[in-house]
Amino acid sequence: IKSANAGSAGASGKLVFSSGYSTTGNSGAIYIGSGVGASGKGGAISVTAGDGDSGNGGAISIGAGSTSMAQSTGGSISVVSGSSTGSAGSDGGALFAAAGAGLKDTGGAVS
């Protein structure tokens, strides 16, 4: 699924994936996944925002849901690297977090 490229003076299209709104029950879920490689590598998932050469680069925002219900908990965000259950010489996946550098001003922060 891909939006069309922009013309010389326009912006490219946007894609929206959204589950439905519910007034009396749970709203729908969205799942994105790649396949298992039974005799090879598992599929990768990449999420990237576009570069901007005459403005800001695109942002990626991940947010968990809030709640107003008493004795309830807001949604969680989990980032977990892959484990390895192989024999000797197998390592778990690394987890990296880095902020962007600033060429003339302060770089971003990781907090």
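The values are calculated or read from the model by the stated rules, or taken from the named source; none is laboratory data. Bear in mind that the values here come from a model prediction, so they are computed numbers and not experimental data. Cβ sites come from the backbone with ideal geometry, for glycine too, and all protein chains shown count toward neighbours. Accessible surface is based on the protein model in full, side chains and every heavy atom, while ligands, DNA and RNA are left aside. Shrake-Rupley method; radii C 1.70, N 1.55, O 1.52, S 1.80 Å.
Points worth noting:
- Quotient of Cα Rg and 2.2 N^0.38 Å for the chain, N being how many residues it contains: 1.50
- Bridgeable aspartates and glutamates around residue 41 (alpha carbons under 17 Å apart, same-chain partners fewer than 8 residues away excluded): 91.
- Check: the chain dipole with +1 on Lys, Arg Cβ and -1 on Asp, Glu Cβ, in debye: 220
- Element breakdown for the chain at a 1.4 angstrom probe: carbon and sulfur atoms account for 49% of the accessible area.
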